[in-house]
1. Do you know which of the residues in the range 99-117 that are under 13 Å from the mean Cα position of the chain (by Cα) and part of a loop (DSSP other than H, G, I, E, B) is nearest to Y135 (Cα to Cα)?
2. When only residues in the range 56-78 that are within 17 Å of the chain's Cα centre (by Cα) and of a type in the set (D, E, K, R) count, which is most open to solvent (accessible area, probe 1.4 Å)?
3. Among I137, I174, which is hydrophobic (A, V, I, L, M, F, W, C) and not in a strand (DSSP E or B)?
4. Restricting to the range 118-134, name every residue that is part of a loop (DSSP other than H, G, I, E, B) and either in contact with a Phe, Trp or Tyr (Cβ under 8 Å, 6 or more places away or on another chain) or among the β-branched types (V, I, T) (or both).
5. Would you check if G18 is surrounded by fewer than 16 Cβ atoms within 10 Å (Cβ to Cβ), assigned to a helix (DSSP H, G or I), out of contact with any strand residue (DSSP E or B) (no Cβ under 8 Å at 6 or more places or on another chain) and without any contact (Cβ under 8 Å) to a residue 40 or more places away in the chain?
6. Just for the range 160-176: of the residues that are among the acidic types (D, E) and open to solvent by less than 90 Å² (accessible area, probe 1.4 Å), which one is farthest from M1 (Cα to Cα)?
7. Applying the selection to the range 65-98, what residues are without any contact (Cβ under 8 Å) to a residue 24 or more places away in the chain, in a helix (DSSP H, G or I) and among the aromatic types (F, W, Y)?
8. Could you please find all residues in the range 21-37 being without any contact (Cβ under 8 Å) to a residue 24 or more places away in the chain and either aliphatic (A, V, I, L, M) or more than 19 Å from R124 (Cβ to Cβ) (or both)?
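The values are calculated or read from the model by the stated rules, or taken from the named source; none is laboratory data. Note that the structure is a prediction, hence the values are computed from the model and not measured. Using ideal geometry, Cβ is built from the backbone for each residue, glycine included, and neighbour counts are taken over all protein chains shown. The area values use the complete protein model at the heavy-atom level, side chains included, leaving out ligands, DNA and RNA. Shrake-Rupley method; radii C 1.70, N 1.55, O 1.52, S 1.80 Å.
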Amino acid sequence: MEIEKIYPPYIYSVKYDGEDANEFERLFEDWRNLDGIMDFFEKYKDYLKSQVWSAVCEPEAAAYQVLEEADNLEILFRDLYFNAKEEGKPDFDSHFKYLEGKYKFEFEYVPMKSYGTKSPSFIRLYAIKMGTNRYIIVGGGIKLCKTIQESPYLKDRIIQDIDKVRAWLMDNGIYEEDEFIN
């Protein structure tokens, strides 16, 4: 596992062993792959029938929303980067939200989440908070249900990825970005 720079000294991303890209790059690439997104929503189209997604209940509309959210989130991250550099608001700390559930009372390597820019938002980035405006992206995906545990793909991956990265950081005694950036 490696940690790669995205918007240093604020945003970094995990690159898992055997992967070609870090999670930040992989997710944005996946969210811009219209065929892949369409396949995902076709496979899980029954989830789009919930009241939450009634405005985009067709797979094609949902796929185009993901494309738009990805573009807007990438622009937002760039804006948050410049705001953080100038000590302005909003910054990354005002964007990321605590990940509740099993991590509710964690005070070290705190798991956080980032939403897309629409409400409700399909896309999520999950990160570990390393300090003021300092985050390591560990994964993400499309969230179709109220909880990670109910959402296809996320339920099989995100909690395990968060736990794996937290354990790796602890095992390596990494508490600040200068400890993982060469």
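1. Of the residues in the range 99-117, the ones under 13 Å from the mean Cα position of the chain (by Cα) are 99, 111-117.
Those left that are additionally part of a loop (DSSP other than H, G, I, E, B): 99, 116-117.
Details: L99: 13, G116: 17, T117: 19 Å.
Only one residue tops the list, namely L99.
2. Filtering the range 56-78 down to residues within 17 Å of the chain's Cα centre (by Cα) leaves 65-78.
Narrowing the set further to residues that are of a type in the set (D, E, K, R) leaves 68-69, 71, 74, 78.
Numbers: E68: 83, E69: 0, D71: 69, E74: 61, R78: 106 Å².
The extreme case among them is R78.
3. Values: I137 fails: not in a strand (DSSP E or B).
None of the others qualify; the one that does is I174.
4. Within the range 118-134, the subset part of a loop (DSSP other than H, G, I, E, B) is 118-122, 132-133.
If the condition is that a residue be part of a loop (DSSP other than H, G, I, E, B) and either in contact with a Phe, Trp or Tyr (Cβ under 8 Å, 6 or more places away or on another chain) or among the β-branched types (V, I, T) (or both), then P120, S121, T132, N133 are the ones that fit.
5. Answer is no for this residue.
6. D163
7. Hit for the range 65-98 is F82, nothing else.
8. Residues satisfying the conditions are A21, D35.
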